[in-house]
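Below: the structure, in structure tokens.
The values are calculated or read from the model by the stated rules, or taken from the named source; none is laboratory data. Note that this is a predicted model, so its numbers are computed, not measured. Using ideal geometry, Cβ is built from the backbone for each residue, glycine included, and neighbour counts are taken over all protein chains shown.
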Amino acid sequence: MDKNLKLILQSAEVQRMLTAAKSFINLIEREDIQLDQLIFESRVCLTELYAAGLDYPPIPLVHSTNTGGKLKVTREELTKSNQNLIKNVKDAGLYWEVFDPIYEKNESPTQGWLVDDFGDVFADLKTELYKIEVLSTDAAIEDGLWSLGFGFKSHWGHHCINALRALHYVAR
């Protein structure tokens with residue numbers, strides 16, 4: 001492995017993100033969990049995941065060939081995990097949100113869904129960890145690390161914070 005990539009991979013900030021991502025994935029894949037425990041533990045995992053995203057460093061693209069390893073977690077794989085357990089919360093895990101709360105024009109509320117939030121966070125994290133841990137080439141590791149940061153800013157970070165907000169009210 002390239003020595004600069006190895007240093008990035010070993011940094012405290014990257015290790016914090018990888019640990020938080022694995023914790024969330026392990027929680028979602030656990031077979032022996034009840035809904036109330038899932039709600040409590042997912043709040044802890046998502047909080048740590050979001051905090052890790054805030055500290056996550058920019059990852060330079062040196063080795064990336066844009067073929068770091070394409071993997072999409074399938075819906076079939078998601079249904080094998082217990083992420084659908086969350087649909088059993090009050091009102092099937094549906095909640096109201098404004099897509100972009102700082103948009104200058106008035107925006108109508110839309111409906112969010114915890115199942116979608118959990119599924120998107122799970123799929124994005126699982127995909128990038130696969131590149132890092134299984135494919136393990138310099139290009140795949142770099143792409144996975146870069147994509148974790150980009151996804152936090154552009155996709156799974158939104159789902160993470162929306163899920164936390166909704167779970168805060170579900171757990172009252």
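Quick notes
- So Glu142, is it assigned to a helix (DSSP H, G or I) and in contact with a His (Cβ under 8 Å, 6 or more places away or on another chain): yes
- The residue list Ala171, Ala123 contains one member that is in contact with a Leu (Cβ under 9 Å, 6 or more places away or on another chain), over 15 Å from Ala20 (Cβ atoms) and of a type in the set (Gly, Ala, Ser), which is Ala123.
- Among residues of segment 12-31 that are under 21 Å from Leu54 (Cα atoms), those with a Cβ under 8 angstrom from a residue that is of a type in the set (Phe, Trp, Tyr) and not in a helix (DSSP H, G or I), sequence gap 6+ or separate chain, pair up as Glu13/Tyr56; Val14/Tyr56; Met17/Tyr56.
- Which listed residue is in contact with a Gly (Cβ under 8 Å, 6 or more places away or on another chain), part of a helix (DSSP H, G or I) and within 20 Å of Tyr50 (Cα to Cα), from Gly149, Gly119: Gly149
- Among the residues here, Leu54 qualifies as outside any loop (DSSP other than H, G, I, E, B) and either out of contact with any helix residue (DSSP H, G or I) (no Cβ under 9 Å at 6 or more places or on another chain) or under 30 Å from Leu85 (Cα atoms) (or both).
- Residues in segment 84-109 that are outside any loop (DSSP other than H, G, I, E, B), at pLDDT 75 or above and of a type in the set (Gly, Ala, Ser): 1 in all.
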